[in-house]
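Following: one structure in structure tokens, then a few remarks.
The values are calculated or read from the model by the stated rules, or taken from the named source; none is laboratory data. Here the structure is a predicted model, which means the values were calculated and not measured. Because the Cβ atoms are built from the backbone with ideal geometry, glycine has one as well, and the counts that use them run over all protein chains shown.
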Amino acid sequence: MNNKAKGSLSLFVARVFSGLNVNAMGYLLPLWIAPISCVTIRLMFGAAVFWLVSIFSKPESVPKSDKVKLIALGAFGIFGYMSLYALSISFTTPVNFAIFNAMQPLWVVVVSAVMYHESIEGRKLFGLAVGFAGAMLCILSEPPAGSASNSQLGNVLAILASIIYSVYLVLSARLVGRFSSVTILRYTFTSAAVVALLMTFLTGFHAPIFKGGAHWTPLLVLAFVLLFPTVLTYFLIPVGMKNLSSAVVALYGYITLIVATLVSLLLGMDKFDPVVLLSLLLIGASIYWVGGRDKGES
């Protein structure tokens, strides 16, 4: 298997689990566990696993300057994304969140242009405009009664989560070729876990899932979130980043949207909405125009 195929397979599997994670989080939050409490558990579990794996991995020398970068990426990128993700899911529907999460390719283009002065051609500008129109349509639409507690707030938080993760992708892309996945994840998850613990100290730990006896269904869902979307997915994403461009890595987020949408409709977590479907199609078209036709990025 060549490097591009390895990267594509890794991202495909990772994004399928990411899609299932949207539904799992939608089930858990905030009824069974508070958003920040869930983030803290995920990050502490991930950090522990990655440190344990590093014991059996080949040691790598990481310069002090790169350690600082990895720590900052974890504190800002990983913690910021997971926190906004969890808060967003608490307010909006899984499908709405997945739609805005799929906008990562658009933000990758914008972030690259701002941070590294990469030019944006006319086709991409048009794609960005279409994606923005789709996002605004989804933000301003009203979800079916009872499906979301505050969809507009949740949608805005989902956009912020998508932007932060796009910044993380662009910045971390310059480090993944130099260090192993375990080394990167060990530093980023540890710093993110420290920030999460500080936030939990301030806000308190709220998790009804651990009270009043064994709640087997939510506990199994939480176990799935910890083992697959948290550990396995984050192991696989750097593999894709080493072999594919940041824009293509972000494009795979559309698989998350497809999986999350199908599962939500099948499980009755969301209802078919023509406005949301139109938003999805507009954002899908914009992603194609912005990143799907770049040379060498298939």
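Here are some notes:
- The numbered conditions (1) under 22 Å from Y27 (Cβ atoms); (2) not in a helix (DSSP H, G or I) are all true for F179 except (1).
- So T217, is it free of Cβ contacts under 8 Å to residues at least 24 places away in the same chain, hydroxyl-bearing (S, T, Y) and either closer than 19 Å to K64 by Cβ or assigned to a helix (DSSP H, G or I) (or both): yes
- Every residue from region 1-42 that is among the charged types (D, E, K, R) and more than 15 Å from the chain's Cα centre (by Cα): K4, K6
- For the residues S37, S54, the requirement of being over 20 Å from L267 (Cβ atoms), surrounded by fewer than 18 Cβ atoms within 10 Å (Cβ to Cβ) and among the hydroxyl-bearing types (S, T, Y) singles out S54.
- Residue in region 37-60 that is charged (D, E, K, R), outside any helix (DSSP H, G or I) and in contact (Cβ under 8 Å) with a residue 40 or more places away in the chain present: yes
- Note on region 78-122: residues that are surrounded by fewer than 23 Cβ atoms within 10 Å (Cβ to Cβ), under 28 Å from T183 (Cα atoms) and small (G, A, S) total 2.
- Flag if A223 is in contact (Cβ under 8 Å) with a residue 24 or more places away in the chain and either closer than 19 Å to R15 by Cβ or within 20 Å of the chain's Cα centre (by Cα) (or both): no
- Of the residues making up region 92-113, those that are part of a helix (DSSP H, G or I) and either of a type in the set (S, T, N, Q) or modelled with pLDDT of 90 or more (or both) are N96, N101, Q104, S112.
- Set L222, L153, L171: member being crowded, with 23+ Cβ neighbours inside 10 Å and in a helix (DSSP H, G or I): L222
- Between T200, T188, T256, T230, the distinction of being over 15 Å from the mean Cα position of the chain (by Cα) and part of a helix (DSSP H, G or I) belongs to T200 only.
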